[in-house]
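Written below as structure tokens is the structure these notes are about.
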Amino acid sequence: MQHTLRNTALAALMALAAAGAFASGTHAGGHGHDADEAIGKPGVAAKATRTINVDMTDSMRFTPADITVKQGETVRFVIKNSGQIKHELVLGTEKELKEHYEVMKKNPEMEHADPNMVTLAGGKTGEIVWQFTKAGKVDFGCLQPGHYDAGMKGAVKVTKTGK
Ligand SMILES: [Cu+2]
């Protein structure tokens, strides 16, 4: 029976390998396997080449709402909540932000803390250090219930580095 078991295990491994190959084949040209890489990755503060100040207000706006960075650049965002109510800045694809926003609406008290976001009570300041590895657009928004719909969103344009 040892033989049969081994074959079963081998078949399972091969199936996994085939599935893996198929999955990576769907990423056109990319070598990334993590969906998060679509927007970049957590940055190392010591490597930040630039600090960008972003202000959040109770009028449901980010200032600035349009930011341009270079591909590969690590940016230190210093985010200030100038309002009195809780706001947050979450980096993501538009799809991710919308999905997350729907979850937040159902669970308004949900606490979340990931490297791509910062949630701040009124008057507080926080930071996100992020490396933009891929050219294109990275969206950001405040996912507190009602805020995103009210227009509390923005985008980071990531320009391709000349090569
Ligand atoms: Cu907000």
Out of R50, R76, sole residue that is in contact (Cβ under 8 Å) with a residue 40 or more places away in the chain and open to solvent by 40 Å² or more (accessible area, probe 1.4 Å)
R76
Kindly indicate whether any position in the range 110-126 is open to solvent by 40 Å² or more (accessible area, probe 1.4 Å), touching a residue at least 40 places away in the same chain (Cβ under 8 Å) and polar (S, T, N, Q).
yes
Pick from the range 89-109, criterion surrounded by 21 or more Cβ atoms within 10 Å (Cβ to Cβ) and of a type outside the set (A, V, I, L, M), ranking: farthest from I52 (Cα to Cα)
Y101
Among the strands (runs of 3 or more DSSP E) lying completely within the range 59-163, list those that include at least 1 residues that are closer than 15 Å to G43 by Cβ and more than 15 Å from the ligand (Cβ to nearest atom).
66-70, 74-81, 125-131, 136-141, 153-159
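The values are calculated or read from the model by the stated rules, or taken from the named source; none is laboratory data. These numbers were taken from a predicted model, which means no experiment stands behind them. All Cβ positions, even for glycine, are placed from backbone atoms using ideal geometry, and neighbour counts span all protein chains on display. When the accessible area is computed, the model is the full protein with side chains, heavy atoms only, and any ligands, DNA or RNA have been set aside. Shrake-Rupley method; radii C 1.70, N 1.55, O 1.52, S 1.80 Å.
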